[in-house]
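The structure appears right after this line, and notes come after that.
The values are calculated or read from the model by the stated rules, or taken from the named source; none is laboratory data. Keep in mind that what you see is a predicted model, and the values were worked out from it rather than measured. Neighbour counts are summed over all protein chains in view; Cβ atoms, including those assigned to glycine, are modelled from backbone coordinates with ideal geometry. For the accessible areas, the whole protein counts, side chains as well, though only heavy atoms, and no ligand, DNA or RNA atoms are used. Shrake-Rupley method; radii C 1.70, N 1.55, O 1.52, S 1.80 Å.
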Amino acid sequence: MRASRHLPAIVALLLAAGSGTAVAAATGEWISYRDAYRAMVVFEKYGKPKNFIQNHYQVMPREKGISLDGVQLSLQGKTMQVNLPLDPTGRTVFPFLKAAYDENAALVLNRKVANYVFRPRISIIVQADGLYETGDLRAACEQVLAWRRHVDATASAKKCVGVRFAFTGAGGEPEVRLRRGAAGETVLPAVTGAAFSDDPNAAFRVVNYRFADSTVAGQVVMTDAPLSIAALIE
């Protein structure tokens with residue numbers, strides 16, 4: 001189970017095509033747990049700083065118009081059946097289970113596998129108190145960028161330009177403020193968009209904080225915790 005340096009990108013492409021293992025099943029279609037495990041374990045073994053970031057397994061619509069409503073993912077093997085709840089972005093906590101690997105278990109989807117992409121998704125850890133030091137957000141973005149450069153050589157010329165907070169909108173309009181000491185507070189506007197730049201699901205209320213908006217150390221504060229925080233890398 002030795003991981004390749006470029007394995008996440010390779011496996012993501014394989015999984016997006018069904019990895020050649022998708023077959024009709026009584027409860028839906030399936031993909032290989034072993035393939036997903038190999039893609040996800042690379043981050044677990046990653047040795048550079050990652051205290052601000054996390055890795056989820058994501059079921060992502062392949063294109064606009066494909067919904068995540070009612071989509072269910074489960075891990076099924078000879079001796080196990082585990083439901084893997086998806087959040088509104090299609091992410092779940094990936095179970096690293098030796099028994100599932102040994103049994104060549106399947107990740108079963110109650111939809112057509114060909115309509116979705118299955119991939120690792122790196123994001124910034126959400127703080128329960130809704131308070132983020134701008135210096136920490138910069139550091140978190142740099143950790144995401146370092147990870148991308150680790151798995152994809154084409155990211156070497158890219159730079160961190162900010163972060164994106166995504167909200168479901170179910171609790172009303174998000175209010176995100178930038179505090180800059182004596183300079184006071186600024187409300188950062190919310191727009192409708194995708195939680196992650198490469199995700200066709202653009203049904204969220206998102207707030208972008210760009211580092212160029214302020215060179216003075218400060219805080220980004222909000223009343224409600226965001227669903228996700230993505231690094232803006234360009």
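So which residues in the stretch 69-83 are within 16 Å of residue 113 (Cα to Cα) and either open to solvent by less than 30 Å² (accessible area, probe 1.4 Å) or of a type in the set (Val, Ile, Thr) (or both)? Talk me through it step by step, then tell me what you get.
Taking the stretch 69-83 first, the residues within 16 Å of residue 113 (Cα to Cα) are 69-76.
Within the stretch 69-83, 71, 73, 74, 75 meet the criteria.
Being closer than 18 Å to residue 195 by Cβ, over 19 Å from the mean Cα position of the chain (by Cα) and open to solvent by 70 Å² or more (accessible area, probe 1.4 Å) holds for only one residue in 173, 133, and it is 173. The residues of the stretch 130-180 that are under 17 Å from residue 49 (Cβ atoms) and of a type in the set (Phe, Trp, Tyr) amount to a single one, 147.
Each row is one residue, and each column tells you yes or no for (1) at pLDDT below 95; (2) among the aromatic types (Phe, Trp, Tyr).
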site	(1), (2)
147	no, yes
160	no, no
172	yes, no
185	yes, no
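Applying the condition of being under 20 Å from residue 92 (Cβ atoms), open to solvent by 30 Å² or more (accessible area, probe 1.4 Å) and not polar (S, T, N, Q) to the stretch 46-56 and asking which residue is nearest to the chain's Cα centre (by Cα) yields 56. Within the stretch 176-202, the set of residues being open to solvent by less than 70 Å² (accessible area, probe 1.4 Å) and part of a loop (DSSP other than H, G, I, E, B) comprises 180, 184, 194, 195, 196, 199, 200, 201, 202.
Pairs meeting the criteria (first residue in the stretch 174-195 and within 11 Å of residue 207 (Cα to Cα) and acidic (Asp, Glu), second residue open to solvent by 70 Å² or more (accessible area, probe 1.4 Å) and part of a loop (DSSP other than H, G, I, E, B), beta carbons under 9 Å, at least 6 apart or on different chains) are 175/223; 175/224.
Scan the stretch 154-175 for residues that are in a helix (DSSP H, G or I) and of a type in the set (Ser, Thr, Tyr) and jot them down. Lay out the reasoning, then the answer.
Just the residues of the stretch 154-175 that are in a helix (DSSP H, G or I), to begin with: 154-157.
Once the filter is applied, which keeps residues that are in a helix (DSSP H, G or I) and of a type in the set (Ser, Thr, Tyr), the stretch 154-175 yields 154, 156.
Only one of 19, 4 is at pLDDT below 95, part of a loop (DSSP other than H, G, I, E, B), open to solvent by 50 Å² or more (accessible area, probe 1.4 Å) and among the small types (Gly, Ala, Ser); which? Give the steps one after another, and end with the answer.
Values: 19 fails: open to solvent by 50 Å² or more (accessible area, probe 1.4 Å).
Matching residue, one of 19, 4: 4.
Is the stretch 149-157 home to any residue that is of a type in the set (A, V, I, L, M) and under 19 Å from the mean Cα position of the chain (by Cα)? I'd like the intermediate steps shown before the answer.
Of all residues in the stretch 149-157, those of a type in the set (A, V, I, L, M) come to 151, 153, 155, 157.
Those still in the list that are under 19 Å from the mean Cα position of the chain (by Cα) too: 151, 155.
Yes - at least one qualifying residue is present in the stretch 149-157.
What strands (runs of 3 or more DSSP E) lie completely within the stretch 70-153 and have 1 or more residues being touching a residue at least 40 places away in the same chain (Cβ under 8 Å)?
On the way: elements: 73-76, 81-83, 106-109, 116-124, 131-133.
The strands (runs of 3 or more DSSP E) meeting that bar are 73-76, 106-109, 116-124, 131-133.
Residue 34 passes every criterion in (1) at pLDDT 95 or above; (2) of a type in the set (Lys, Arg); (3) more than 17 Å from the chain's Cα centre (by Cα); (4) surrounded by fewer than 16 Cβ atoms within 10 Å (Cβ to Cβ) apart from (4). Any idea which residue in the stretch 203-230 is surrounded by the most Cβ atoms within 10 Å (Cβ to Cβ), counting only those that are aromatic (Phe, Trp, Tyr) and part of a strand (DSSP E or B)? Selected residue: 204.
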